[in-house]
Amino acid sequence: MIIGTLKNPYNGLDRGSLVRFALDEARKAASAPFVAGSTMVLNDAVKINSQAVEMRPAEAAQLEAHRRFIDIHIPLSGPERFGWAASEALNDSTEGYDCDNDIIFFNETPQNYFDIYPGQFVIFFPEDAHAPIIGEGNLRKLCVKIPV
């Protein structure tokens, strides 16, 4: 997991990495007028989802993990709380891995919680189980999907 700011997003990232290029595209999307929907960028290698979502309490947010994609979450309209746990430490899956949607949900409790604010981002790798969209009210956000 990496937490950073959109003003200086490249700390610790390889100059040629797909994550770096995706962050550049996400910065452009974050500064543009908000329109909900999905956009493919970088020769259709990266998907940027612009979402308007209803936040939920921590106890209603399930940990999820992906095997084939890295997620970058960027809140636009307010703070977003996340739960986190190491995927390898989790055993209690609700229905097992869904290969078609590249997702597995867990019934276990996050090991940590943290907040990300507009102008910041969090990158989750396949080893990072995460519970997003925790809070109150509505949130506009970006969720970027990068193939591993």
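The values are calculated or read from the model by the stated rules, or taken from the named source; none is laboratory data. All of these numbers come straight from a predicted model, not from anything done at the bench. Here the Cβ is made from the backbone with ideal geometry for all residues, glycine too, and neighbour counts use every protein chain on show. With ligands, DNA and RNA removed, areas are computed over all heavy atoms of the protein, side chains included. Shrake-Rupley method; radii C 1.70, N 1.55, O 1.52, S 1.80 Å.
Miscellaneous remarks
- Order by protection proxy (mean Cβ within 10 Å, highest first), peptides 110-116, 127-133, 54-60: 127-133, 110-116, 54-60
- Projecting the Cα atoms of N107, C143, P9 onto the charge dipole of the chain (Cβ charges, centred on the Cα centre) puts P9 farthest toward the positive pole.
- Span from the segment 67-92 Cα centroid across to the segment 14-59 one, whole angstrom: 14 Å
- FRET efficiency, A45 to E136 (Cβ-Cβ, R0 41 Å, nearest 0.05): 0.70
- The charge dipole of the chain, taken about its Cα centre with unit charges on the Cβ of Lys, Arg, Asp and Glu (plus for the first two, minus for the last two), comes to roughly 800 debye.
- Segment 94-141: C-alpha pair distances exceeding 15 Å, %: 59 percent
- Heavy-atom accessible surface of the chain: percent carbon and sulfur, 1.4 Å: 49 percent
- Folded to 0 to 90 degrees: helix 18-31 orientation relative to the chain principal axis, Cα: 70 degrees
- Over segment 12-95, equivalent-ellipsoid semi-axes from the Cα gyration tensor in Å: 25, 19, 12
- Per residue, the solvent-accessible area of the chain (1.4 Å probe, heavy atoms of protein chains only, all protein chains present) comes to 53 Å².
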